[in-house]
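Bear in mind that the values in this text are calculations on the coordinates, not laboratory data. Quantities reported herein were computed from a predicted structural model and do not represent experimental measurements. Quick reminder, even Gly has a Cβ in these numbers, built from the backbone with ideal geometry, and neighbours come from all protein chains shown.
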Amino acid sequence: MKMPDLFPFQIEAARFLASRDRAGLFDEMGLGKTVEVIGALDLLKERRAMIICPANLRENWRAEFQRFGRTPRKVVKGRTIHDLIAWQRGRFDVLVTSYEMATKWTPKIAEHAAFIPVLVIDEAHYLKSDATKRTKQILGDRCDGIGGLTQWALRAWMLTGTPIANDPIDIYPFLKFARQSGAPKHAWVRKYMTSQPTAFGSRQTPREETTPELRAKIQTASMRRTKTDVGMQLPPIWLTSLVVDGDTEEIRDLLRSHPGLEDAVLQAVEQGGLSFLDAQHVATLRRLVGTAKSLPYARMLVEELRQTDRKRVVMGIHRAVLRQVLDTLTEERIHAVLINGETPEGQRNASVQAFQNDPRCRVFIGQIRAAGVGLTLTAASDVDMLESDWTPAGNAQALMRLHRIGQTRQVEGRFITLARSLDLVINRVVARKVAAIASIEGDAMVASPAA
């Protein structure tokens, strides 16, 4: 079977990666970073590689190797230690495994002391914090590769469409990995960031006088293009906010019972949710807000779908909230598919294919963490963020499922906001973060909710 040809801009990225032993590929979502990596391996005539990615993307990598690889390779999804051993012994050429497995296996790989020809770290914003075990196991304690999995890689490439996921300092682990900063983090922050006080402590924003130097360092070690940069004439994205009414009595009761809870929620948003996301009352409030707007939204969606033949994508956070939407659509005999963190890989792929190819399948419902990456949903051009992520990157990833190669219509995204609630404030905080990120990246690639 004849392999599809790569676009010229994809060949350019493949050549860039093939020329580097440490590099970042930060192309905007939808340009085909997976394909570009496979092209780079083919240029190098390299059969063997290890791919680290979110668990739900393993099948996508396997399928893309089969579709685009010019060099025949045996690909195994690394789910158990036996898969790792089989790959190490040469029974397979490419090992595609999850962050969880890679973190567990790093000591075993170091013990084996065998070099990895090419290590690919997909969705590399998963390593945005230099303090997590995952980052330390893969990049080393100081993010410089020493003592981490990358120590054993002859070439290591980091891929993400959102290199700065939530905060400008998120780029630091990459710069250390790419040998663009020898300074410890505190010195780096002091040079490139300025601290601004908030009600919850402080936040870091880029220093205007050192931002050009910081951009230059990032550009030296990475390639990053938008769809416009490569001449891809996709229609634009239009973002709006839609306010819906819901029963907020339970929310008000919770806030009255726990003074200061609103401040705790805003602190979680300011800090990316890393410290407060799992706090009991914060998580309860977030779920209640989603629940309060799910039923009125679902009823509104039913009426909208009856007036058009257009498909719709709905993204959210909580399984129960998304299930409410699915149940309402099912009661009204509207065919929809749902992907969340519990969806098996086979069913996940079948659901995407049904939405893309079956005109009877009108709605795709996705949990952002499970369906916000690695999928193509261009059968629709309308997307509703029923619950939005607390980080700009999470929202951008979800929106870009529609705004990619194959899209012929303007993508219209709506952030569904609960009237008289924290939704309004959270959207403004996330929008402010987008502005800080764009000042370093040099554009506004990271989408944000309408303020």
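For the reader, a short list of remarks on this structure follows.
- Length added when fully stretched, residue 141-residue 82, from 0.36 nm per residue minus Cα-Cα: 18.5 nm
- Neighbour counting of Cβ atoms within 10 Å sorts the residues 364, 92, 7, fewest neighbours leading, into 7, 92, 364.
- Nearest 10 degrees, 0 to 90: helix 345-357 Cα axis against the chain principal axis: 70 degrees
- Volume per residue that the Cα convex hull of the range 141-277 spans, once the total is divided by residue count, Å³: 194 Å³
- Counting 0.36 nm for each residue step from residue 419 to residue 250 and taking away their Cα separation leaves a gain of 59.4 nm.
- Partners of residue 136 within straight-line reach, counting lysines whose Cα lies under 25 Å from its Cα and excluding those fewer than 8 residues away in the same chain: 33, 77, 104, 108, 128, 176, 185, 191, 217.
- Distance between modelled label sites at residue 369 and residue 307, nm, 7 Å Cα→Cβ extension: 3.6 nm
- Pairs of alpha carbons in the chain separated by more than 36 Å make up 28% of all such pairs.
- Estimated distance in nm for a label pair at residue 111 and residue 345, the labels positioned 7 Å out from Cα along Cα-to-Cβ: 2.5 nm
- Rounded to the nearest 20, the Cβ-based charge dipole of the chain about its Cα centre (Lys and Arg +1, Asp and Glu -1) stands at 1420 debye.
- When the alpha carbon gyration tensor of the range 374-420 is reduced to an equivalent ellipsoid, the three semi-axes, largest first, read 21, 13, 7 Å.
- Peptides ranked, highest mean first, by Cβ atoms within 10 Å: ranges 339-350, 18-29, 57-68, 117-128: 117-128, 18-29, 57-68, 339-350
- Toward the positive end of the charge dipole of the range 8-223, with +1 on the Cβ of Lys and Arg and -1 on the Cβ of Asp and Glu, the farthest Cα among 94, 41, 145 is that of 94.
- Taking amide hydrogens as placed 1.01 Å from N in the peptide plane, the amide H of residue 335 sits under 5 Å from those of 362, each at least 5 positions away in sequence or on another chain.
- Dipole of the chain, positive direction: furthest Cα of 81, 402, 364, with charges on the beta-carbon: 81
- Helix axis angle, 58-68 relative to the chain longest principal axis, alpha carbon, degrees: 60 degrees
- Cα-only radius of gyration and Dmax that characterise the range 219-264, units Å: 22.0, 55
- Within-11-Å neighbourhood charge of residue 332 [Cβ basis; K, R +1; D, E -1]: +1
- Principal-axis tilt of helix 211-221 within the chain, Cα atoms, nearest 10 degrees: 50 degrees
- Length gained on full extension, residue 409 to residue 429: 4.3 nm, using 0.36 nm per residue less the C-alpha separation.
- Each label was represented as a point 7 Å from its Cα along the Cα-to-Cβ direction; for residue 280 and residue 48 these points are 5.2 nm apart.
- Radius, Kirkwood style, for the range 237-441 when every pair of distinct Cα atoms is counted (Å): 17.5 Å
- Student exercise, the range 8-223 dipole from Lys, Arg, Asp, Glu Cβ charges, in Debye to nearest 20: 600 debye
- Magnitude of the charge dipole, the range 127-201, Cβ model with Lys/Arg +1 and Asp/Glu -1, debye to 20: 140 debye
- Likely footprinting exposure, 314, 363, fewest C-beta neighbours within 10 Å first: 363, 314
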